[in-house]
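First up is the structure itself, then whatever we jot down about it.
The values are calculated or read from the model by the stated rules, or taken from the named source; none is laboratory data. Remember, predicted model here, so these are calculated numbers, not experimental data. Here the Cβ is made from the backbone with ideal geometry for all residues, glycine too, and neighbour counts use every protein chain on show. Each accessible area value is taken on the protein alone, full model and side chains, heavy atoms only, with ligands, DNA and RNA left out. Shrake-Rupley method; radii C 1.70, N 1.55, O 1.52, S 1.80 Å.
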Amino acid sequence: MAEDTNSPMDRFCGSTFWNSTETWFTNDPDFTPCFEQTVLVWTPCAFYWLFVAFDFYYLKASLDRNIPWNKLNVSKALVNVGLLVITALDLIMALIKKGGDSQLPLYDLDVWGPIIKFATFLLLFLFIPLNRKYGVQTTGCQFLFWFLLVVLSIPRCRTEVRLDTERGKILSSEEATEQDFSWEEYQFASFFIFFTFSCLMLILNCFADGLPRQTKYQRGENEIPELSASFLSRITYQWFDKMALKGYRNPLEEKDLWDLRPQDSCSEVMPIFAHHWNQNVRKNYRSKTRVEPKAQFSNGHVTFENPHGEKNGRKKGMASIMPPIYKSFGGVFMFGALMKLFTDVLTFAQPQVLSLIIGFVSDQEKDPQPEWKGIMYSVLLFILAAAQTFILGQYFHRMFIVGLRIRTALINAIYRKALRISNSTKKESTVGEIVNLMAVDAQRFMELTTYLNMIWSAPLQIGLALFFLWQQLGPSVLAGLAVMIILIPVNGVIASRIKTYQIRQMKYKDERVKLMNEVLSGIKVLKLYAWEPSFEKQVLDIRDKEIATLRSTAYLNAGTSFLWSCAPFLVSLVTFATYVLIDENNVLDATKTFVSLSLFNILRFPLTMLPMLITNLVQTQVSVNRINKFLNSEELDPNSVHHDPSKPHPMTIENGEFSWGDEITLRNINIEVRKSSLVALVGTVGSGKSSVVQAFLGEMEKLAGHVNTVGKLAYVPQQAWIQNATVRDNILFGQPYDRKRYNKVIDACALRADIDILSAGDQTEIGEKGINLSGGQKQRISLARAVYSDADLYLLDDPLSAVDAHVGKHIFEEVIGPKGVLARKSRILVTHGVTFLPQVDSIYVMKMGEISESGTFDQLVKNKGAFADFIIQHLQEGNEEEEELNQIKRQISSTGDVPELLGSVEKAIKLARTESLSDSISVTSADSLMGGGNGSLRRRVKRQSSHDSVASAASLKKKQEVEGKLIETEKSQTGGVQFAVYKHYIKSVGIFLSLATLILNFVFQAFQIGSNLWLTKWSNDDRVANDTGLRDMYLGVYGAFGFGQGVLAYFAVVIVYVGGFHAAKVIHNDLLRIVIRGSVCRFFDITPIGRLLNSFSGDMDVIDEELPATMDSFMTFIFMVLATIVVISMSTPIFLTVIVPIAFLYYFAQRFYVATSRQLMRLESVSRSPIYSHFSETVTGASTIRAYNVGNRFIDESDAKVDKNQVCKYPSVIANRWLAIRLEMVGNLIILFASLFAVLGGQTNPGLVGLSVSYALQVTQTLNWLVRMTSDIETNIVSVERIKEYGETKQEAAWELEQDKSKPKNWPEEGRVEFQNFQVRYREGLDLVLRGVSFNIKGGEKVGIVGRTGAGKSSLTLALFRIIEAAGGRISIDGVDIATMGLHMLRSRLTIIPQDPVLFSGSLRVNLDPFEIKTDDEIWKALELSHLKSFVKSLAAGLNHEIAEGGENLSVGQRQLVCLARALLRKTKVLVLDEATAAVDLETDDLIQKTIRTEFRDCTVLTIAHRLNTILDSDKVIVLDKGQITEFASPTELLDNPKSAFYSMAKDANLV
């Protein structure tokens, strides 16, 4: 038995350890028994002992405990015991059978082999109860150990079986031999028992253990399957299959999503981050602060320390977020980095194996290697690729998790900080900027983490690639590298050019969207004036500039893609050329060529990534600085307000000095509020009243003095802060609902009527910032919140300013006053109204930030000081109602001798009488609607055009039920996109361009394959070695191929982009044409401007920029995949048989993914915006939140919203991994079959084999990208779909008709207007607003139209201009039925001065004459008549004076006059005057009336009147009521009849 024992291993085993003739140089390879029993067993054991640390870590990190015993872990334990027993038995048998007396010697292996195995199994056995106790359901190390053990035991199976058959032969041939085989027989039996048990263990380790009994967090039924998935299921993402299937069957909804993994939730991430952040902050202080234990949940809340510390601690520098991030999330990150290292190494193993395969094939002709080697190489290549796939999958998954956690930590840290920043910090940045920290900067971190490892990985990959290339081609590699490095700055230059173009394009886009906004907002006026063509042209001009800029960008983009498609080619060309030209003896053979090509392909990725990564890093650095600055900014001092209960009064300020961060705002403030008294703060605007309230809240910086409040606070800010929640939630503000108290509050705050009007009562959702409430309603809800909170101290900052007088009175009496709900509380009231002052306990008068006097009302009036001045000034403004003034008058006269005060009161009473409006009936109705109810007159009721306000009280209720929603809800698409949409897009691109794209891409790939085939031909040609001419010919043709490739690449990209832009242009112009021609009532009234603007900005943006780029990538990748298939099939035609099943696999993975992923993306973006809107809401309402002390509740809400976003985000991350693993496995199969067929198919052309395998190596990446692009196209094409839907918009009648041309130039000549039984409604399905109106107006008559709100006055004018089309009857002008004319013909021959003066941004001239058809003289004349000439002359730019958006830089009166000038320029026979109500002061009004009387003497004028005195001199008056004419006669005739409605209106207006 004793053999030549030369090596220590041979001595250890007592037999040969390694025999290369037996293992390698043979057709029937096998290992020696010694090798099988040592290396193949010890490798798995060593692996496990190395990585056992991970198992211990998982025990420590587990959040669960106590898995019950079950079949699985009991069987594991039993099988493991079995293995321990069999190993122990091995040792015992060896000691018995061998050594000592027996003739078999005892070798070291017989003792040590079992001991090592026993120790390993024992360790594994210990983990079974440990994992149970600590709730670990599966571990990867153990699975991998069993897997390796089983796989590596397979060779020994073969050996044992072979030996057994040999023993059988020996025994059967010589029966009589004395040979004793008992030891061998025992080994045979023991090994197979061991092998069976190992296989069992492997199978048992494929499953996860049962659910733990104790968990740190409640596990819902919707828990994520990943938590209890086995290791195998985790690395293949098989646990995600359910979701993919569900998403494929029908679109996913929120309820289908799994709960968040507890490790990723805010409640796990935050304490860790806060702990490290606080440590970091503390390091920044020299003064020794106490050491805090690990971040605790104080009643479930994380505390962040203030980086500004106590006032005494000197600050050393900014605390940065980076160290806490490293410390909190570095562990997972480092583990990821380790994985990345593995994959990088595996990447470079592939070209080495490729060179072995090429070697194998080229040996086929001369002396063929045994076939098993070829098969082994192919399988090896597959194993490398598969390992890389699995490890990369885990790596990306880990990185995403780190990214998500960092984002969570940052968002929450920013949120918590925002609740505490001081006012000086708040001044430095707008709400938008603070929200951006969260939306942009925190997001940027998340996107970076995935690529962060490229910082070390890219240089490593480049280094390794160069090292292996050097081995192949020597120094000539440097030439190729030089080309690559030169290309980087060239790309940089192009990129910066692209950036400038992008900035320019953004500028045009902003201009266009701004203009569209104005056009859509003022669409009605445009239509009344028939000005649409002019504005349409303006939009199209900007759009053309925008498209031109995009084109330039596209050429540059094509330039970069030209460079990148040429880059690998140029590099290989330069390198190969240098290689063959340096030295005659350098010959390219297949191995060199294709190994180098595949190495160059590897090089491409890190080289493209590095520049991108660097710019990303720079951006992230900027983000870090911004977040640091914010988190280190100053906070409010929590100790500025004391809460000392021993003080006599609940609220006091003694000798206070306060500032808002710069100069002193308040000085010498002494205020005391006695228990349950009401204190008023009065003073002129800006005298510091609100600041005093803020000082009580601790919002101001206290420079000196002492502030004390005792008890719970409630605060009503001047600007009501309303949350985006239901009315009820806004009032409860986190308190429990108590019906009795709630109803009492509602009635006291006069909210009952408003709540009844709202569509869903107090469950109506209020939009952001209270958008769907009036100012008064917001203020009352804010007050109701305070009253409901049932606090002890009330700070009321002018709560009555936004409400009407009588509502204010009601609120004062019911809530604030001495008999109100709050009578027992201590309250401070800031007020402007004089009316309530007699009823308060004491008054403080503020002046210039100091208290000038204080006392009761009577004392102050007697003083004749600042307070008396305040009252006089206040009365001159004249905002009070008559009855209230009388009250004040009584109060003042009772105090005795104050004549000048009484005089000003008398004056104010007179003013109030004259100013009450005529439109009395309308006011009352509008008032009862706004929650008034007692019909007192309100000055300045904004008269809305009647169909916005209420058609009449009767139809009001009905309208609510039908139209709880006026706005049609936007359809969110679910499921796939119909083919029609693609067809529409391709049509818009144009057939020629679409075909050109396909053909160019096809030819481009053909060239690429051509150049590679040429290389194979070259590398297989042996004559090249001795013939330099031949060599140069090969080189030349190769270069030509490359050049052709580059040019084609350039044009292919340009064509795609040009086609895309053509489509964008067509689609935009169609959309614009359709929208501008939309009907006002049937389209614009029910489509919110925001949605239309979104189509013009958001959707167009996608069509302009995203779609062409996506299409371009899509074309490239799809042709690359086809090229790969073609090349592989050329070298091994049998490959085509495999392609069909592989394509099926691919197709299914892709369909499942796209359906699921698309919906997940939608859900994710829907769940992201609440985080930001809640945040911006919090920032705006921070002072209210602090006053009510509900910060923690808001923090919890924010955390919940972040968690909810993660719930949607996490599955979409997993979906990506799920797909990647499946696709890459499909790609790996392609690699396997390509190489197998090459090896087995007897292929003798090494070049072709090299080509097909190197193509196959690239295919995984391509497939992966292809699916991404497909799903991107599906996501982006939705924009086309949305815009296509506008094609069904309701259009108006034609603008121009042929027969219009026959009409005389100056039609209408007389201006006769005739209505015959005319009926009209706004939209199908609504009530008629005019019900059979008939009257006749002679040319040149002046007619006034009066009636209450909703009687149909405006509808009459709109019908005249055919903004609303007739539902019956007809209108004729000069005997021509207006329904037979083109709209522009009609509208341009009528003139209107609309009620609200709409101006557009642009020059004054464009606003008067957009078509530029009038001369300067005509324009100046019109300006003179409209009393604007002197104003315009005083402007530097004169007629070219730029008018701001909406005419912001002109006063309202001036805007009204501009509208008059427009009318004068037009001057047609019929003028409609829709009178302005509140906007114009009396003087302007007189000017307008005068001008109209003189200039439009001989025209027909229809006036819609609000002040009766303006129409008393008209020829006729039409009184409308509920859409019918009740009176039609001259004013004198109607006034003589006391029963007429006109008479009663005049009486209300004190005209009779």
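Listing for the model above:
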read-out: The stretch 1395-1492 - Kirkwood radius from inverse mean 1/r over Cα pairs (Å); value: 13.6 Å
read-out: Partner lysines for K983 [C-alpha distance under 25 Å; skip if fewer than 8 residues away on the same chain]; value: K971, K1065, K1284, K1290
read-out: Residues in the stretch 1353-1376 reached by a label modelled at E1309 [backbone nitrogen below 11 Å; 7 Å Cα→Cβ]; value: none
read-out: Extended-chain gain in nm, criterion 0.36 nm per residue less alpha-carbon gap, R1323 and F1043; value: 94.4 nm
read-out: Normalised convex hull volume, the stretch 173-236, alpha-carbon set, Å³ per residue; value: 153 Å³
read-out: Contour minus Cα-Cα distance for Q1243 and A88 (0.36 nm per residue); value: 410.6 nm
read-out: Amide H within-cut-off set for M846, under 5 Å, with H built and near neighbours excluded; value: V682, G683, S852
read-out: For the stretch 1154-1215 and the stretch 1359-1397, distance of Cα centres in Å; value: 51 Å
read-out: Cut-off 13 Å between beta-carbons: net charge of the residues surrounding R1168, Lys and Arg +1, Asp and Glu -1; value: +3
read-out: Per residue solvent-accessible surface (Å²) - the chain, probe of 1.4 Å; value: 44 Å²
read-out: Apportionment of accessible area to carbon and sulfur, the chain, percent (1.4 Å); value: 58 percent
read-out: Cα centre as origin, Lys/Arg/Asp/Glu Cβ charges: the stretch 730-852 dipole, Debye; value: 260 debye
read-out: Extreme residue, positive dipole direction of the stretch 1181-1250, given options A1187, L1240, P1211 (C-beta unit charges); value: A1187
read-out: Nearest-0.05 FRET efficiency for K242 and E221, computed from C-beta distance (R0 22 Å); value: 0.95
read-out: Per residue convex hull volume, Cα atoms of the stretch 1248-1345, in Å³; value: 257 Å³
read-out: Principal semi-axes in Å for the chain [√(5λ), Cα gyration tensor, largest first]; value: 80, 46, 28
read-out: log₁₀ of I(q)/I(0) at q = 0.14, 0.15, 0.20 Å⁻¹ - the stretch 810-875, Debye sum with one point per alpha carbon; value: -0.44, -0.50, -0.84
read-out: In nm, spacing of pseudo-spin labels at A1367 and D1070 (7 Å Cα→C-beta vector); value: 3.4 nm
read-out: Quarter of Cα convex hull surface for the stretch 1234-1292, i.e. mean projection, nm²; value: 6.4 nm²
read-out: Relative contact order computed over the chain (Cα-Cα under 8 Å; 6+ residues apart), in percent; value: 11 percent
read-out: Karplus-derived 3J(HN,Hα), 6.51/-1.76/1.60, for each residue of the stretch 588-604, Hz, glycine and proline x; value: 7, 10, 4, 4, 4, 4, 7, 5, 5, 4, 5, 5, 4, 4, 5, 4, 4
read-out: Kirkwood hydrodynamic radius (C-alpha pairs) into Stokes-Einstein, the stretch 635-740, 25 °C and 0.890 mPa s, D in µm²/s; value: 157 µm²/s
read-out: Scaled radius of gyration (Cα, divided by 2.2 N^0.38 Å) that the stretch 464-594 gives; value: 1.88
read-out: Which of V1138, I115, N670, positive extreme of dipole for the chain (C-beta unit charges); value: N670
read-out: Viscosity 0.692 mPa s, temperature 37 °C, Stokes-Einstein D of the stretch 48-203 from Kirkwood C-alpha radius, µm²/s; value: 184 µm²/s
read-out: Projected-area mean, the stretch 1394-1448, by convex hull of Cα positions, square nanometres; value: 4.0 nm²
read-out: Unit Cα scatterers, Debye sum, the stretch 425-522: log10 I(q)/I(0) for q = 0.17, 0.18 Å⁻¹; value: -1.07, -1.10
read-out: Projected label distance in nm at I986 and K537, using a 7 Å step from Cα toward the beta-carbon; value: 3.8 nm
read-out: When the stretch 1314-1424 is reduced to its Cα atoms, the Kirkwood hydrodynamic radius in Å; value: 16.4 Å
read-out: Radius 15 Å from Cβ of G480, net charge of other residues (Lys, Arg +1; Asp, Glu -1); value: +2
read-out: Per-selection Rg to Rh, the stretch 313-457 - Cα, Kirkwood hydrodynamic radius; value: 1.29
read-out: Cβ charges +1 (Lys, Arg) and -1 (Asp, Glu), total dipole of the stretch 573-656, debye; value: 240 debye
read-out: Ratio of Rg to Rh over the stretch 1410-1551 (Cα coordinates, Kirkwood Rh, two decimals); value: 1.04
read-out: Pairwise FRET efficiency - A387 versus K366, Cβ, R0 = 30 Å, nearest 0.05; value: 0.35
read-out: Stretch gain in nm, segment L63-K507, where the contour uses 0.36 nm per residue and the Cα spacing is subtracted; value: 154.6 nm
read-out: Normalised convex hull volume, the stretch 703-831, alpha-carbon set, Å³ per residue; value: 122 Å³
read-out: For a label point 7 Å along the Cα-to-beta-carbon line of Q873, residues of the stretch 828-847 with backbone N under 12 Å; value: 846-847
read-out: Neighbour-limited loop hits for trypsin sites (Lys or Arg not before Pro), the stretch 184-242 (at most 11 other Cβ within 10 Å; DSSP other than H, G, I, E, B); value: R213
read-out: Label-point gap, in nm, between N27 and R1193 - each point 7 angstrom along Cα→Cβ; value: 8.6 nm
read-out: Per DSSP, loop chymotrypsin sites (Phe, Trp or Tyr not before Pro) in the stretch 1-60 with at most 13 further Cβ within 10 Å; value: W24, F25
read-out: Proximal charge balance of S457 [Cβ under 13 Å; K/R count +1, D/E count -1]; value: 0
read-out: Contact order normalised by residue count of the stretch 437-566, Cα under 8 Å, 6+ apart, percent; value: 31 percent
read-out: Estimated translational D of the stretch 1099-1219 in µm²/s (Stokes, Kirkwood radius over Cα pairs; 25 °C; 0.890 mPa s); value: 130 µm²/s
read-out: Tail fraction, Cα-Cα pairs, the stretch 1329-1384, threshold 15 Å, whole percent; value: 54 percent
read-out: Rg to Rh quotient for the stretch 33-135, alpha carbon positions, Kirkwood Rh; value: 1.10
read-out: Bridge type composition, the chain - antiparallel percent by DSSP, nearest 5; value: 55 percent
read-out: Förster radius 25 Å - calculated FRET efficiency between A725 and D756, Cβ distance, rounded to 0.05; value: 0.80
read-out: Residue-averaged 222 nm ellipticity for the chain, from DSSP H runs of 4+ at -39500 (n - 2.57), nearest 500; value: -20000 deg cm²/dmol
read-out: Furthest towards positive pole of dipole, V1053, A1063, A1040, structure part the stretch 972-1069, Cβ charges; value: A1063
read-out: Coordinate range along principal axes, alpha carbons of the stretch 1181-1224, Å, largest first; value: 57, 13, 8
read-out: Dipole in debye (nearest 20) - the chain, about Cα centre, beta carbon charges: Lys, Arg +1; Asp, Glu -1; value: 2840 debye
